[in-house]
Amino acid sequence: MNNNYPKISLQSRIGNKGVENVGRVVTEFGWLFRRTHQEDDFGIDGYIDVVMEDGSVTGQVIAVQIKHGATYFRQKTKSSYIFRGEIKHFNYYCNNPAPILLILSHPKNDQCYWRLFDPAETEHNQGSWTIEVPFSNKLSTSKNAITALCTPTNDHIGKHREAAEHAELIRSSGFIALHIPRKDVLARKVDFARNLFDSLKRTKKLAREAQGKVVIYFSGYEDDPRELYEIPEVRFFVPLLDFALPELFYFARTEEPGLTITILAACQSPIKVRTKNSEKITLELDLEYLSAFLDRHWPGLNEMTDWLGMSDEENERIGRAAAAAVWPEIWRGRSMKRGPAK
């Protein structure tokens, strides 16, 4: 025996063989196998990168723990081999965001058997845990099954470009039309309106561009001679819509065209018509109802301006415009900063 050279241990050679077997199969899949350096081995021997047929590396990653040797095949059931893991690796596996394959590599035929680590399927003994690896789970024939374990891929670049185009459209537009058809009013559906507001909050930049631009239109009532606030089904629907849109004061347009806040307030207040002709309608609304309407929406406005880091002055400007859209006279001379003074 020559002691003048560094030596590789038998255990390392056995471990290398298992890694080589797994790497060979992964390469046959057309995928990439990245071995973990021994000093960084905390129970994960390597990582698999999934590669598409055109060579695109998707970002889908699978972790693997490999055991090679005849001793790992001695314990078995009628349908499975028993994989035995160390307690110190259990929490590490449970907290790992990647799917983890537990692989047994046979030294006689280099066949590999696998299963997904699933804590619910494990049994615990003193100092170790076990899990069954089915005889039928041969790694070499399981490409599709293993692919299915990965989180589906998404075209994030495409979504980002779409969002950027959406933001540019909003920035360059004078207003954003939200059409609510009569069928949604009758069905009491507010999800489309809620989804629009959510989309405007996708990013802070988009939310800033959309401030004061949303105009809500009710369609299907063009041939109805009544005003919207005179139609019972609309008056019943509007409180549901109002409740679903706490950010209304931030996003609603308060300048022409658009009477969004005015219409929603009128539909929730007792109304007296003072004058009505072909050119102008003068209404008398209940102050108590209007005050409640305004008070409901200050928190939503404050949350939006706080989230966006806007100043108290900007908050007050938006709030005053919203209040003026309801009834300018009742706020004359009163502070609108963070909501009306009590």
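The values are calculated or read from the model by the stated rules, or taken from the named source; none is laboratory data. Small disclaimer: the values here were computed from a predicted structure and weren't measured. Cβ atoms come from the backbone with ideal geometry, glycine included; neighbour counts cover every protein chain shown. Only protein heavy atoms, including side chains, enter the accessible area calculation; ligands, DNA and RNA are left aside. Shrake-Rupley method; radii C 1.70, N 1.55, O 1.52, S 1.80 Å.
Anything in region 214-227 that is open to solvent by 30 Å² or more (accessible area, probe 1.4 Å) and either under 36 Å from the mean Cα position of the chain (by Cα) or under 30 Å from residue 172 (Cα atoms) (or both)? List them, or say none.
Hits for region 214-227 are 217, 219, 220, 222.
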Please go through region 294-316 and give me each residue that is touching a residue at least 24 places away in the same chain (Cβ under 8 Å), farther than 19 Å from residue 203 by Cα and acidic (Asp, Glu), ordered by number. 295, 312
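Does region 70-77 contain any residue that is among the aliphatic types (A, V, I, L, M), in contact with a strand residue (DSSP E or B) (Cβ under 8 Å, 6 or more places away or on another chain) and either at pLDDT below 95 or within 13 Å of residue 115 (Cβ to Cβ) (or both)? Walk me through how you get there before you give the answer.
Looking only at region 70-77, we keep the residues that are among the aliphatic types (A, V, I, L, M), and these are 70.
The next check asks that each one be in contact with a strand residue (DSSP E or B) (Cβ under 8 Å, 6 or more places away or on another chain); those that pass are none.
Checking region 70-77: not a single residue is among the aliphatic types (A, V, I, L, M), in contact with a strand residue (DSSP E or B) (Cβ under 8 Å, 6 or more places away or on another chain) and either at pLDDT below 95 or within 13 Å of residue 115 (Cβ to Cβ) (or both).
Here's the yes/no breakdown for (1) outside any strand (DSSP E or B); (2) farther than 20 Å from residue 36 by Cα:
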site: 55; (1), (2): yes, yes
site: 60; (1), (2): no, no
site: 83; (1), (2): no, yes
site: 93; (1), (2): yes, no
site: 102; (1), (2): no, no
site: 109; (1), (2): yes, yes
site: 124; (1), (2): no, yes
site: 131; (1), (2): no, yes
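Going by the conditions given, is residue 176 among the β-branched types (Val, Ile, Thr), modelled with pLDDT of 90 or more and open to solvent by less than 50 Å² (accessible area, probe 1.4 Å)? Don't jump to the end; show me each part of the working.
On the way: among the β-branched types (Val, Ile, Thr): yes; modelled with pLDDT of 90 or more: no; open to solvent by less than 50 Å² (accessible area, probe 1.4 Å): yes.
Answer is no for this residue.
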Sort out which residues of region 25-58 are open to solvent by 60 Å² or more (accessible area, probe 1.4 Å) and touching a Ser or Thr at 6+ places or on another chain (Cβ under 9 Å), and write them in order of number. 28, 38, 42, 52
